[in-house]
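Shown next, in structure tokens, is the structure this report addresses.
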Amino acid sequence: MTLKSWVNIDGVITPGEAARVSVFDRGFLFGDAVYEVLRTVDQAPLFWEAHRARLWRSARALCIPLDALDPSHLYAQMQATLAQADWGESSIRVIITRGEGEPAWGAGGFGQARWIIIVEPLRRPDPALYAQGCVLKTFGVARGDRGGLDPRIKSSNKLVAVMAIADAQAAGAHEALRVDPLGRILEGATSTFFLVRGGVLLTPPIAVGILEGITRAKVIELAQRLGVPFEEVELHIDDLPSADEAFICSSIRGVLPVRQIDQYVFSAPGPICRVILEGYERSLRGALSPSLG
């Protein structure tokens, strides 16, 4: 039987189906954990240092103690887990929880944080979607949908994203596009959103309350290096009828064209999206610039 995943829990590597954590782990009890998801290119973790830095920032923001966790040790354990894989490219999920303790609300009095690495075969969207574009459905979110957390914290509490994706899939869409009560476009449930209007690439600024996406930053850097006009600006639902193109991006998807959002239809991939998509794929192996790969 071909294994579907390998899991490393605090240095113990097992097949995914054999992996276990305590029911008293805070990540299980309260979503008291942070995480990162990345992919490999040529079996090497892509943009690991950027993901590692955000992981550490998220953990510190939640006061999860990391004094005993050496980043170089975590990277070595990731490599050891990847070495078990007998497939091609992998997706990697790294989780840090507050650890085990009594099921009480307080965040104090816990010991060493627990870390978990999950390695699975890389599953990218259907190749046809890169040629034809995917479909998004808007999902209205309450002002406090992140429970008061700084949106820059990548925590394991993902109930809003789960609800948004379920709503999108029920309507036959591939991804949800989160919209706040003011009608401002925020981000996808699991992606960053870009729009093209009048030859200018646009994306919402971090200040509207979105995650500082790793792939988002790479796309912005790429656009600037390619001379594509770019602005960070608040986007609203009312901007969709006048848009020429749209796309989303994430660590696993890369750059994925959008052909429809609700009733609005776009060229997919349009000329700017095509330039960004092709440039991003080249950059993964450093064909454009080592800093992007």
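The values are calculated or read from the model by the stated rules, or taken from the named source; none is laboratory data. This one's a predicted model, so the numbers in the text were calculated from it and none came from an experiment. Cβ placement follows ideal geometry from the backbone for every residue including glycine, while neighbour counts extend to all protein chains displayed.
What are the residues in the stretch 101-129 that are closer than 13 Å to ILE64 by Cβ, modelled with pLDDT under 90 and either touching a helix residue (DSSP H, G or I) at 6+ places or on another chain (Cβ under 9 Å) or not assigned by TED's automatic domain parsing to the domain that holds GLU17 (or both), if any? Correct list: GLY101, ALA107, PHE110. Residues in the stretch 234-261 that are out of contact with any Gly (no Cβ under 8 Å at 6 or more places or on another chain) and polar (S, T, N, Q) were compared, and the one that is nearest to LEU202 (Cα to Cα) is SER242. Annotation note: Cβ proximity below 8 Å between a residue of the stretch 139-150 that is within 19 Å of ASP167 (Cβ to Cβ) and among the β-branched types (Val, Ile, Thr) and a residue that is modelled with pLDDT of 65 or more and surrounded by 13 or more Cβ atoms within 10 Å (Cβ to Cβ) (sequence gap 6+ or interchain) occurs for VAL141/VAL160; VAL141/ALA164; VAL141/ARG178; VAL141/VAL179; VAL141/ASP180; VAL141/LEU186. With respect to the conditions (1) under 13 Å from ILE214 (Cα atoms); (2) modelled with pLDDT under 95; (3) basic (Lys, Arg), ARG52 lacks only one, and its number is (2). Annotation note: Cβ proximity below 6 Å between a residue of the stretch 9-25 that is closer than 14 Å to ARG93 by Cβ and a residue that is polar (S, T, N, Q) and surrounded by 13 or more Cβ atoms within 10 Å (Cβ to Cβ) (sequence gap 6+ or interchain) occurs for GLY16/SER5. Just to be sure before I move on: is LYS154 more than 23 Å from ILE276 (Cα to Cα), assigned by TED's automatic domain parsing to the domain that holds ILE252 and crowded, with 20+ Cβ neighbours inside 10 Å in the structure I sent? Here the answer is yes, as LYS154 does meet what is asked.
Residues in the stretch 198-220: is at least one hydroxyl-bearing (Ser, Thr, Tyr) and in a strand (DSSP E or B)? Checked against the condition, which is being hydroxyl-bearing (Ser, Thr, Tyr) and in a strand (DSSP E or B), the stretch 198-220 yields at least one hit.
How many residues are outside any loop (DSSP other than H, G, I, E, B) and over 17 Å from LEU256 (Cβ atoms) if we restrict to the stretch 165-178? Give the steps one after another, and end with the answer.
Applying the first criterion (outside any loop (DSSP other than H, G, I, E, B)) to the stretch 165-178 yields 165-170, 175-178.
From what's left, over 17 Å from LEU256 (Cβ atoms): 166-167, 170.
Residues in the stretch 165-178 being outside any loop (DSSP other than H, G, I, E, B) and over 17 Å from LEU256 (Cβ atoms): 3 in total.
Pairs linking a residue in the stretch 154-182 that is closer than 20 Å to GLU234 by Cβ to a residue that is among the acidic types (Asp, Glu), with Cβ atoms under 6 Å and 6 or more positions apart or on different chains, are ARG178/GLU187.
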